[in-house]
Amino acid sequence: MATGAKSTKNKPQGKSGKMENSAFHEFFVDELKDIYWAEQHLIKALPKMQEAATSPELAAAFEKHTEETEGHATTLEQIFELLGEKAAAKKCDAMEGLVKEAESIISDTEAGTMIRDAGLILAAQKVEHYEIATYGTLRTFAENMGHTEVVDLLEGILENEKETDVALTEVAVSSINEDASEE
Ligand code: FE
Ligand code: FE
């Protein structure tokens, strides 16, 4: 929408003239705390998924994304700093639920099977899609508030989550789903 950007730009920014004091800014920071908790939760969950995986390709994908997830948490800390806010985590109910689902898949499937891997990929892709939705929206919020540096950092995380989702699909279609259907 061509006029959208203009009207956002001309919006009054509160009495002090600083977006930092607005309710929207507070909401934005709260949501950053939520995803910061989610990333920290994933740093603990992904190695368990790696250990549970049958195929070395899937285990390697989880190992890679654990490192990347540590990077996401560090980037979020940078974002808090840029915003002049203390880095704090606020429990993310959605991510807690998604990780519980991954744990159920592990307990409901047999170790050493490709069905286990197909299930782990399903759980992991739900996580990535949750992150993609979250970072996409947060990036737009940052854009609206004129936090250019924060936009770039959020965009970087978003791209990595998308790449991870694509990589998981590739592992699934290259062998796992076919093998799982034969078990
Ligand atoms: Fe992440
Ligand atoms: Fe991720």
>> Criterion first (within 16 Å of ligand 2 (Cβ to nearest atom) and of a type in the set (F, W, Y)) does F80 satisfy it?
In response: no
>> Can you go through H65, H41, H129 and tell me which one is buried (at least 21 other Cβ atoms within 10 Å of the Cβ), under 27 Å from V166 (Cβ atoms) and of a type outside the set (A, V, I, L, M)?
In response: H65
>> Where the second residue is open to solvent by less than 30 Å² (accessible area, probe 1.4 Å) and more than 11 Å from ligand 1 (Cβ to nearest atom) and the first is more than 30 Å from L120 (Cα to Cα) and of a type in the set (D, E, K, R) and lies in the stretch 63-86, which pairs have Cβ atoms under 7 Å and are six or more apart or on separate chains?
In response: E85/V29; K86/F80
>> Quick test for you: out of E81, E178, pick the one residue that is modelled with pLDDT under 95 and either in contact with a Ser or Thr (Cβ under 9 Å, 6 or more places away or on another chain) or in a helix (DSSP H, G or I) (or both).
In response: E178
> What number of residues within the stretch 150-176 are away from ligand 2 (no atom under 15 Å from the Cβ), open to solvent by 70 Å² or more (accessible area, probe 1.4 Å) and under 19 Å from A60 (Cα atoms)?
Replying inline: 3
> Across the stretch 140-149, which residue is farthest from ligand 2 (Cβ to nearest atom) among those that are surrounded by 15 or more Cβ atoms within 10 Å (Cβ to Cβ) and in a helix (DSSP H, G or I)?
Replying inline: N144
> Between residues in the stretch 110-136 that are within 26 Å of C92 (Cβ to Cβ) and residues that are assigned to a helix (DSSP H, G or I) and of a type in the set (K, R), which pairs lie under 8 Å by C-beta distance while being six or more apart or on different chains?
Replying inline: E128/K162; I132/K162
> Do any residues in the stretch 92-108 that are more than 17 Å from A133 (Cα to Cα) and without any contact (Cβ under 8 Å) to a residue 24 or more places away in the chain have Cβ atoms under 7 Å from those of residues that are among the aromatic types (F, W, Y) and surrounded by 12 or more Cβ atoms within 10 Å (Cβ to Cβ), where the two are at least six apart or on different chains, and which pairs are they?
Replying inline: none
> So, in the stretch 29-44, of the ones that are in contact with a helix residue (DSSP H, G or I) (Cβ under 7 Å, 6 or more places away or on another chain) and of a type in the set (D, E), which residue ends up nearest to ligand 2 (Cβ to nearest atom)?
Replying inline: E39
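The values are calculated or read from the model by the stated rules, or taken from the named source; none is laboratory data. Predicted model, so just to flag it, every value in this text is computed and none were measured. Note that we place each Cβ from the backbone using ideal geometry, even for glycine, and neighbour counts take in every protein chain shown. When the accessible area is computed, the model is the full protein with side chains, heavy atoms only, and any ligands, DNA or RNA have been set aside. Shrake-Rupley method; radii C 1.70, N 1.55, O 1.52, S 1.80 Å.
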